[in-house]
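Down below is the structure, laid out as structure tokens.
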Amino acid sequence: KNHLIRLPLLRQIETQTKKLTLIQAPPGYGKTSFLKQVYDYLKLPHLWLNLRQSDNDPINFLHKWNTALAQYEGADSHAADFSHTSGFTSPSIELWTRSLIDRMNKQARLALFINDADFVNSNESVEIINILLQMSHAGIRIFMTASSNLHFSYSHLLIENHLATITQDALRF
């Protein structure tokens, strides 16, 4: 808890309404610590996902997201499980992704925190993030950290002025 509190950056994030806030800097700049500060500071319902190399398996990625959403929704909710198949067909990644987005979109406001988004580089997992960025409504705010280049497209958010970036210069002590 002895982290540098970046209050001016936190206040800036609180007042802006961008759909995606990308926190991108090399390792060691405190991206995850700052993301946790945003998580604690914002007065929004929220989900947290720590992405790892294993999330390049889209089923693993969707399970992680589904579990986080089910925990947020509470005891009355049942986590959807699209991973079981009849043995003849593979699970529909797009169907499951759209189902998760539909569940998120039922919330008027929700923040999704995705730590280490640059770990995801498989085509199917990248497509999950692309669909999330395209189909989630304006009340869903997404915060991501990355140390390197991202493999998904957020150019439409840049064009529509729905992207905020925080770089190593802003995170510097």
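Brief remarks on what is shown
- Within straight-line reach of K106, meaning a Cα separation under 24 Å, sit the following lysines at least 8 residues removed in sequence or on another chain: K18, K19, K43, K64.
- Computed label-point distance, nm, for sites R98 and D118 using a 7 Å Cα→Cβ extension: 3.3 nm
- Taking the centroid of alpha carbons for each part, segment 32-54 and segment 135-173 are 14 Å apart.
- For peptides 93-104, 159-170, 55-66, sequence by mean Cβ density within 10 Å, most packed first: 55-66, 93-104, 159-170
- Note: relative contact order over the chain, using C-alpha pairs below 8 Å and six or more positions apart, is 38 percent.
- Dividing the summed -39500 (n - 2.57) terms of all DSSP H runs of n ≥ 4 by the residue count of the chain sets its mean residue ellipticity at 222 nm at -12000 deg cm²/dmol.
- Distance between modelled label sites at Y41 and T15, nm, 7 Å Cα→Cβ extension: 1.2 nm
We did not get these values from a lab; they are worked out from the coordinates using the rules stated. Bear in mind that the values here come from a model prediction, so they are computed numbers and not experimental data. Cβ coordinates were reconstructed from backbone atoms using ideal geometry, including for glycine residues, and neighbour counts include every protein chain displayed.
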